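The values are calculated or read from the model by the stated rules, or taken from the named source; none is laboratory data. What you see is a predicted model; the values in this text were computed from it and never measured. Here the Cβ is made from the backbone with ideal geometry for all residues, glycine too, and neighbour counts use every protein chain on show. In case anyone asks, the SASA skips ligands and DNA or RNA and just uses the protein heavy atoms, side chains included. Shrake-Rupley method; radii C 1.70, N 1.55, O 1.52, S 1.80 Å.
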There are 2 protein chains.
Amino acid sequence: MVFVAHEEASFNSFAAVLGNDVAIKAYREGTLPFPDGAIIASLHYSHTPSEENNKVFGRSQSFIAGAPTNVQFMVKDSSKYAATGGWGFAHFKDGKPADDDFMKTCFPCHNQAKTRDLIFTRYAP
Amino acid sequence: MVFVAHEEASFNSFAAVLGNDVAIKAYREGTLPFPDGAIIASLHYSHTPSEENNKVFGRSQSFIAGAPTNVQFMVKDSSKYAATGGWGFAHFKDGKPADDDFMKTCFPCHNQAKTRDLIFTRYAP
């Protein structure tokens with residue numbers, strides 16, 4: 001399990017992206033599409049300035065992962081999820097899954113990263 | 001091993017902070033000072049806009065961990081490193097350790113976080 005960090009500044013969001021062994025192996029070897037069984041998790045946090053760090057540095061430079069906002073999963077099963085590019089999507093906020101309307105937005109956006117099997121996040125070695 | 005992400009915007013740096021079991025246990029339980037044997041690693045990457053992601057989103061919002069810049073470690077051994085608050089420091093760039101002059105800068109800065117046992121990064125659950 002290895003992370004890939006990214007940040008969405010105007011959404012004030014930090015993400016750490018984790019993969020199970022199947023996903024990380026595919027990431028490392030550049031295998032596309034990801035094989036069935038790959039699971040990718042994205043842990044999202046608020047993008048928060050660190051006042052205590054900035055006090056030490058003497059200037060505003062440090063941002064940290066603040067409160068958790070949601071946890072998302074993508075699970076590869078090319079038969080079960082054939083209608084959505086082979087990926088099943090999940091979204092949890094405060095431990096509760098999102099409703100169907102919300103979930104309909106996942107695939108159309110991720111499908112724009114079709115050349116990378118719907119996965120935006122690249123591997124950070 | 002769990003991560004804690006932070007970012008230093010004006011240094012254009014992304015960090016993922018990892019701990020061994022001793023360190024993460026102390027993080028989770030809020031134990032201060034960290035016990036001997038705790039090891040904390042900070043993986044630093046350049047803070048890079050993602051043009052391919054922004055193209056999909058239709059606006060400039062996405063930053064990712066770019067090229068790795070350095071890897072740093074803090075190792076707790078209260079007798080061996082008594083002179084520097086019980087922490088040994090290490091810094092590697094392209095797999096090579098930093099020289100002695102560079103290493104002299106670690107402790108004075110981290111010592112400003114004395115109330116948190118010299119560790120700036122907080123735990124992101």
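When A:F63, A:F73 are checked against the criterion of being more than 8 Å from chain B (Cβ to nearest Cβ), in a strand (DSSP E or B) and either of a type in the set (A, V, I, L, M) or out of contact with any Phe, Trp or Tyr (no Cβ under 6 Å at 6 or more places or on another chain) (or both), a single residue qualifies: A:F73. Contact map, the stretch A:101-117: residues that are under 15 Å from A:F73 (Cβ atoms) paired with residues that are part of a helix (DSSP H, G or I), Cβ distance under 7 Å, separation 6+ or inter-chain. Pairs shown: A:F107/A:T84.
The residues of the stretch A:37-60 that are facing chain B (nearest Cβ under 7 Å) and either within 30 Å of A:Y81 (Cα to Cα) or acidic (D, E) (or both) amount to a single one, A:Y45.
Put simply, of A:L32, A:L43 the only residue that is outside any helix (DSSP H, G or I), at pLDDT 90 or above and under 11 Å from the mean Cα position of the chain (by Cα) is A:L43.
Condition first: farther than 20 Å from A:L18 by Cβ and at pLDDT 95 or above. Now tell me which residues in the stretch A:59-98 satisfy that. Spell out the reasoning first.
Taking the stretch A:59-98 and keeping what is farther than 20 Å from A:L18 by Cβ, we get A:59-63, A:78-80, A:82-85, A:96.
Correct list: A:S78, A:S79, A:K80, A:A82, A:A83, A:T84, A:G85, A:K96.
Figure legend. Inter-residue proximity from the stretch B:46-61: first residues without any contact (Cβ under 8 Å) to a residue 24 or more places away in the chain, second residues open to solvent by 70 Å² or more (accessible area, probe 1.4 Å) and in a helix (DSSP H, G or I), beta-carbon distance below 8 Å, spacing 6+ or different chains. Indicated pairs: B:V56/A:Q112; B:Q61/A:F11. Considering only the stretch A:96-125, state which residues are open to solvent by less than 70 Å² (accessible area, probe 1.4 Å), away from chain B (no Cβ under 13 Å) and in a loop (DSSP other than H, G, I, E, B). Answer for the stretch A:96-125, where residues must be open to solvent by less than 70 Å² (accessible area, probe 1.4 Å), away from chain B (no Cβ under 13 Å) and in a loop (DSSP other than H, G, I, E, B): A:A98, A:D117. Among the residues making up the stretch A:76-95, those that are small (G, A, S) and either touching a strand residue (DSSP E or B) at 6+ places or on another chain (Cβ under 7 Å) or part of a strand (DSSP E or B) (or both) are A:G86, A:G88, A:A90. Selection over the stretch A:47-69 of residues that are among the polar types (S, T, N, Q) and under 14 Å from the mean Cα position of the chain (by Cα) gives a count of 1.
More than 10 Å from chain B (Cβ to nearest Cβ), of a type in the set (K, R) and surrounded by fewer than 18 Cβ atoms within 10 Å (Cβ to Cβ): is that true of A:K93 in this structure?
On the way: more than 10 Å from chain B (Cβ to nearest Cβ): yes; of a type in the set (K, R): yes; surrounded by fewer than 18 Cβ atoms within 10 Å (Cβ to Cβ): yes.
Against the criterion (more than 10 Å from chain B (Cβ to nearest Cβ), of a type in the set (K, R) and surrounded by fewer than 18 Cβ atoms within 10 Å (Cβ to Cβ)), A:K93 qualifies.
I'd like to know if the stretch A:70-81 contains one or more residues that are open to solvent by 70 Å² or more (accessible area, probe 1.4 Å) and more than 14 Å from the chain's Cα centre (by Cα). Among the residues of the stretch A:70-81, at least one is open to solvent by 70 Å² or more (accessible area, probe 1.4 Å) and more than 14 Å from the chain's Cα centre (by Cα), which makes the answer yes.
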